[in-house]
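Single-structure report; data block below.
Every number here is computed from the coordinates shown, using simple stated rules; none is lab data. On a predicted model such as this, the values are computed, not experimentally measured, just so you know. Every residue, glycine among them, receives a Cβ derived from its backbone with ideal geometry; neighbour counts consider all protein chains shown.
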Amino acid sequence: MNSTDLAGAIKDLARRAGFLAAGIAPAGPVAQATRLHAWLERGYCADMDFMRRNLAQRCCPAELVRGARSVICLAASYAPPPGADRDGMVARYARGADYHKVLKRRSAALVQAIRAIEPGFLGRAFVDSGPVMERSLAAAAGLGWTGRNGCVFVDGAGSYCVLAEIVCNLPLPADSPQPGRCGDCRACVAACPTGALHDDGLVDARRCISYLTIEHRGTIDPSLWPRMGVRLFGCDACQAVCPHNRDLPAGDSELAGAAPLGGAGLVEVFTWPEAHWRQATAGSATRRATHEMFLRNAILAAGNSGDASLAAPLRAIQGSAPHWAELAGWALARLSGEADNPFDASTTPSV
Ligand code: SF4
Ligand code: SF4
């Protein structure tokens, strides 16, 4: 089989393994590496110091996996079904089964399937699991185009897609990148509640609700508290407003779940013992944030909720978790209308 036919056969196998789309990128230097360098230079990586390490490998898959010639880039869709809320308390990508596990399983099956037709194939799969510029590689592989919200848009999934990569030893023909389709639109930049998103598509993690609620431990800059809306885990504001995310077919049933955290609301999160949190987040990407981070996020969300019935559990938190007493005090003041920064419904998603 020649390399063009082999690339076509691999894409067919990828679809059979459960991926929506597949494309091939060269394993050499990544074209969008300049974006990573600009992001780091501006300090947008917040305290994710690991992003400054292994830059040579991150910017060139052939440096990461010796002998690599190509990267098979893969996407699966978690697009919400028509009519579903698109910016709720838990980010859409984390509402179904943990995509890391799902995509790793499918990638492993794909590696086996490729080896069955090409015994010399060697591949190493990554799902958010190494120094890999996954979105930039997906763009280089023509899997999608890069939007101003920093996401990759894949036909049939919009930016509601999760990505995997198989760095391999085969010299497969690379696909062509797609041109961007944002045009003059700035809807996502305008919709970002905290001003984290910039016109050039770079996200300042220091202000990004996704980073702050999922990755950042400890306290959050108080100036951002009233702008974070009713969000427990992540933020989809810059995806929800995008015209390219409308009228999509519902995503993968395994990934696009509907009732995250076992249906728990803010009151349950306030009173969760750690064992209940473990149960509610089992098998889900929500496990990425700790029990303590969920409590902090729930206090913030309660303060922004406008729901006076949450005052009693907030007062209980003041007594039981002294390290969050200041935050709970702010949330109580905000609920009673005494805090600065009046409630702004336009920045608050549906729950
Ligand atoms: S995820 Fe939310 S906070 Fe982060 S850039 Fe997008 S809209 Fe802004
Ligand atoms: S909302 Fe507009 S600017 Fe943002 S990614 Fe979508 S098309 Fe591009």
Margin query: Within 10 Å, Cβ to Cβ, of MET133, how many net charges do the neighbouring residues add up to if Lys/Arg are +1 and Asp/Glu are -1?
Written below: +1
Checklist line | Where the Cα pairs of region 3-168 fall when distances are cut into 10 Å bins, in % | finding: 10, 38, 37, 14, 2
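Report the gain in length on full extension from ARG287 to PHE50: 0.36 nm times residue separation, minus Cα-Cα distance, nm rounded to one decimal.
The span from ARG287 to PHE50 would gain 83.3 nm if fully extended.
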Checklist line | Per principal axis, descending, Cα span of region 55-96 in whole Å | finding: 46, 20, 14
Check: Taking neighbour Cβ counts within 10 Å as the exposure measure, how do LYS101, LYS11 sort from fewest upward?
Finding: LYS101, LYS11
Notebook entry, point to check: If you average the sequence gap of Cα pairs under 8 Å that are 6 or more apart and divide by the length of the chain, what percent do you get for the contact order?
Noted result: 22
Note to self: Under 8 Å for C-alpha pairs, at least 6 residues apart: give me the relative contact order for region 3-168, rounded to a whole percent.
What the structure shows: 33
Notebook entry, point to check: Quick one: TYR93, TYR78, fewest Cβ neighbours within 10 Å first, how do they rank?
Noted result: TYR93, TYR78
Next item on the list: Using only the Cα atoms of the chain, construct the convex hull and provide its projected area averaged over every direction, in square nanometres to one decimal.
Entry: 17.4
Check: Hey, in the GNM for the chain with a 10 angstrom Cα cutoff, which one of ALA174, ALA116, ALA108 fluctuates hardest?
Finding: ALA116
